[in-house]
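Reading through the structure tokens given below for one structure.
The values are calculated or read from the model by the stated rules, or taken from the named source; none is laboratory data. Here the structure is a predicted model, which is why all the values come from computation and not from measurement. We place every Cβ from the backbone using ideal geometry, glycine too, and count neighbours over all the protein chains shown. Ligands, DNA and RNA are excluded from the accessible area calculation, which covers all protein heavy atoms including side chains. Shrake-Rupley method; radii C 1.70, N 1.55, O 1.52, S 1.80 Å.
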Amino acid sequence: MKDAVLGLCLTLGLASFACDSTHPTFTEVDLFGEPPCGPSPVLTSSSPDGGPPDTVLTLTGRGFLDPDGNHPVVSFDDLPARIIEARDDQLLVLAPSGVPAGVYVSLSVRHCGGEDLRQDAFRYLPGLGCGEWPKLESVEPDEGVVGAVVTLRGVNLTGHDDLAAVWFGDVAAEVLTTSMTELTVRVPAGNPVGAPVRVLLETCGGKDWIEEAFTIAS
């Protein structure tokens, strides 16, 4: 009987000293003598919901610390975040660098007891030096042959570095002139004739586009 009870204890992942041979009692001690990790952390909210790298976020919830008081691991998608301050019900963290402006990331809090996650909880915005978010308002003309010059108008069409990239569909266009409100580009080869394509603008401040903005003429 004693061997059977011991086998049951080991099967349940409990150390043998946690089981009485005649009246087994299962204490919360695992096979390696470690205390349990407690319940999984619960992430209920995060603020702000957007900003550049190094933005300080406040995460609220419960169970953020493990039973030994150790900090959890906080991640922005797969990027670990630096924790400035940690309490069981609140964390202050820094948004890590390495994510392009305009991208939404999920936030997760993890320790040995489990993990909780908020999908698309934070949107990366342009940092200092990149300028404001670009806004593409028009593409003129809206039809032309390969090699034609097209004018893009809008707001913040270049970053502070005076650089911009433009795609017609998935094909990059040559940028001829730049300003904050107007770009001229050359229509690239590689898109089907007669089919409207998206025109997309990207600066270090972010991206904007207009669907079906230009048609390649024959």
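By how many nm would the segment from residue 115 to residue 209 lengthen if fully extended, with 0.36 nm per residue of separation less the alpha-carbon distance? Don't skip to the end; give the middle numbers.
Numbers: separation 94, 0.36 × 94 = 33.84 nm, distance 3.64 nm.
Residue separation times 0.36 nm, minus the Cα-Cα distance, leaves 30.2 nm.
By the scheme Lys and Arg +1, Asp and Glu -1, what is the net charge of all other residues having a beta-carbon under 13 Å from that of residue 179? Could the numbers behind the result be given before it?
Values: positive: 153; negative: 162, 182.
With Lys, Arg at +1 and Asp, Glu at -1, the net is -1.
Under a Cβ-only charge scheme (Lys and Arg +1, Asp and Glu -1), can you give me the dipole magnitude of segment 118-218 about the Cα centre, in debye to the nearest 20? Working shown, then result.
Values: 7 positive and 15 negative charges, 45 e Å.
With Lys and Arg at +1 and Asp and Glu at -1, about 220 debye.
Can you compute the FRET efficiency between residue 172 and residue 97 using 1/(1 + (r/R0)^6), with r the Cβ-Cβ distance and R0 = 25 Å? Round to the nearest 0.05.
That gives a FRET efficiency of 0.50.
Let me know the shape class of segment 51-96, please: from the alpha-carbon gyration tensor, a ≥ b ≥ c as square roots of the eigenvalues, rounded when a/c is under 1.5, otherwise prolate if a/b is greater than b/c, or oblate. Intermediate values should be presented prior to the final figure.
Values: a/c = 2.37, a/b = 1.76, b/c = 1.35.
Prolate is the answer for segment 51-96, as a/c is 1.5 or above and a/b outweighs b/c.
For segment 177-218, give the percent of accessible area contributed by carbon and sulfur heavy atoms, probe 1.4 Å, rounded to a whole number. List each step's numbers first, then the result.
Numbers: 1040 of 1990 Å².
That fraction is 52 percent.
Compute, for segment 101-175, the length of the dipole vector about the Cα centre, with Cβ point charges of +1 (Lys, Arg) and -1 (Asp, Glu) only. Units Debye, rounded to 20.
380
Which of 184, 159, 169 sits closest to the plus end of the dipole of segment 46-189, meaning its Cα is farthest towards the positive end, when Lys and Arg get +1 and Asp and Glu get -1 on the C-beta?
Working it through, the farthest residue towards the positive pole turns out to be 159.
How much accessible area per residue does segment 55-119 have, counting only protein heavy atoms and a probe of 1.4 Å, in square angstrom? It would help to have the intermediate numbers written out before the result.
Values: 3290 Å² over 65 residues.
With all protein chains present, segment 55-119 gives 51 Å² per residue.
Calculated FRET efficiency, residue 133 and residue 58, Cβ-Cβ r, R0 35 Å, to nearest 0.05? Could the numbers behind the result be given before it?
Details: r = 24 Å, r/R0 = 0.68.
My answer for the efficiency is 0.90.
What is the gain in length, in nm to one decimal, between residue 153 and residue 82 on full extension, counting 0.36 nm per residue of separation less the C-alpha to C-alpha distance? Display every interim value, and only then the final one.
Numbers: separation 71, 0.36 × 71 = 25.56 nm, distance 4.00 nm.
Gain on stretching residue 153 to residue 82: 21.6 nm.
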